[in-house]
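One structure is given below, encoded as structure tokens.
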Amino acid sequence: MTSSPEIFSTNSIRSQLLLWMLGPLLIIGSIAIIDGYRAARSTANAVSDRVLSGSALAIAERVFVNGENGLEVDIPYVALQMLTSLEDDRVFYKIEKNDGGFITGYRDLALPETNASLNDVTFADSVFRGAEVRIATFHGAASSTTRSFSFRVAVAETTNARVAVAQSILIRSLLRQGILLLSAAILIWLVVSHALKPLRRLEMAVSRRSPDDVRPIEHSVPQEVQGLVFTINGLVERFSSSIKALQNFTSNASHQFRTPLSLIKTHLEVAVREKDPAKQIQAIDRAGKAVNDAERLMYQMLLLAQLDAASKQKLQEQKCDLTSVARDACNDFILQLSHNKRSDVDLGFHTDGDINVRGDKTLIQEIVRNLIDNAIKHSGSPSHIDVEITANNKYGILKVSDQGCGFDEQFLASEIDEQLGSLKNADKTNFGLGLSIVKDIVKLHGGKITARRLSLPTGMSVIVKLPLTK
């Protein structure tokens, strides 16, 4: 069983969404809280300053010039009563002349120096008797028939109520932001869980598959994951091709090696039992030929197995001189026929000039060699074999013609896949493996292969078309 992924892992989609969505929300919320707190303080100050200003104005209205040409004040009770609050704020006041002459109030209450005009009210923050206070100062004047005096009325109040109002607003803001973030986290969690259900079903469906089940994934998935599923299907398809190639290789190996190994064993047993030295040498020579056939067969099968691992894109980038490859192959077979004293085979080569095709030189050489080798083996004796290289607008064309009996009628369909469809049962003709290699190489290079029976003279032509280089 596979272990469940960690819910809060850094690789979890939920965790990433929570991080990237709640993180900015937290930052924005913090900024909003700070701004809200400053706005709350500003609002509380504005409201309280109006009350302070009203108290100072109420006191200033009761300042008058006495008979001794001095200033007196009759402080109304309501002027200080309006400043009372639930936070037990303390209230201080002071009335003095502009020249510093003290009239009444708290003598040690220091008033801020300002350049305010007459009848203006100014505000300032200060500390008085160990407490933070907010001071409202009214600049006024009183006059009699003979003289005029300017004065200042200052009313100070501790800031407990202001701070309490701002803190109350701050706490409510924090609660609202906390509820918002928690709601967003829950919503993200639920939405992501719902969105991931198709992936969970896909995971369960894939985990239930057997190791040999290489069908493509066809489950419905979100659009964002379709590219991943498409890539996985491509990988599964390549796995399927590799498995089929391995199965084909095993099947071909068991089928193809049976005959040459049996021949080797039979000839060696004959050589051991035979008393005549000449017949012993003949049996050993036949065993050696069977070994050569088995060696050639092994090379072909290994090449056939390697074709499935070749990269088609890589082959498309390579360049091969088809004319040169075919000419060299014909020269090699001519030397081989001469060495084996096969004067009954006439091998001819014709070309229109150098023709370059896309593909691997070694693999294309194997196409030519297989077709010529099949023609030599199955064209009878005497025979004439023609190898012709031509080209059209799109393809370089390799044509190998012989005078043999050709394929059975079942192999003469226009498509080589149909021609090779029943080759496993064609043991007598022994065409299967060589033409399977040719077919796979041609297909890998994006080419075409067809076969045509000749009437005059009798025989077969195999035509291979490979894409020209640009």
Under a cut-off of 14 Å between alpha-carbon atoms, report the aspartates and glutamates in cross-link reach of K244, not counting same-chain residues fewer than 8 places apart. D212, D213, D308, D440
Summing +1 per Lys or Arg and -1 per Asp or Glu among the other residues with Cβ less than 13 Å from A195's Cβ gives +3
Ranked by accessible surface with a 1.4 Å probe, highest first, in what order do S207, S461, S254 come? S207, S254, S461
Using θ = phi - 60° and Karplus 6.51 cos²θ - 1.76 cosθ + 1.60, couplings along segment 149-166 (whole Hz; Gly, Pro as x): 10, 9, 8, 10, 10, 10, 10, 10, 9, 5, 9, 4, 5, 4, 5, 5, 5, 5
Need one value: the accessible area of L19 in square angstrom, 1.4 angstrom probe, rounded to the nearest 10. 110
Long-range amide H partners of G459 with built H, under 5 Å: L454
Apply the Karplus curve 6.51 cos²θ - 1.76 cosθ + 1.60, θ = phi - 60°, to the phi angles in segment 390-396 and return the couplings in whole Hz, x for Gly and Pro. 9, 7, 10, 5, 10, 10, x
I385's amide H: which non-local residues (gap 5+, or another chain) put their own amide H closer than 5 Å, with H modeled 1.01 Å from N in plane and none for Pro or chain starts? D346, L347, G348
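Over 28 Å between Cα atoms: which of K399/K443; K279/K377; K319/K341; K377/K470 fall into that group? Numbers along the way, then the final one.
Working: K399/K443 17 Å; K279/K377 25 Å; K319/K341 36 Å; K377/K470 36 Å.
Check vs 28 Å cut-off fails for K319/K341; K377/K470.
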Given a 1.4 angstrom probe, I'd like the percentage of the accessible area of segment 84-123 that is carbon and sulfur, rounded to a whole number. 42
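Once you list every other residue whose beta carbon is under 10 Å from the beta carbon of S401, what net charge do they have if Lys and Arg are +1 and Asp and Glu are -1? Intermediate values should be presented prior to the final figure.
Values: positive: K399, R452; negative: D386, E388, D402.
Combined, the nearby Lys, Arg, Asp and Glu give -1.
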Considering the alpha-carbon set of segment 179-236 alone, what are its Rg and its Dmax in angstrom? 15.3, 52
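The values are calculated or read from the model by the stated rules, or taken from the named source; none is laboratory data. Because the structure is predicted, anything quoted here is derived from the model rather than measured. Reconstructed Cβ throughout: ideal geometry from the backbone, glycine too, with neighbour counts over all protein chains shown. The accessibility values were calculated without ligands, DNA or RNA, using every heavy atom of the protein model including side chains. Shrake-Rupley method; radii C 1.70, N 1.55, O 1.52, S 1.80 Å.
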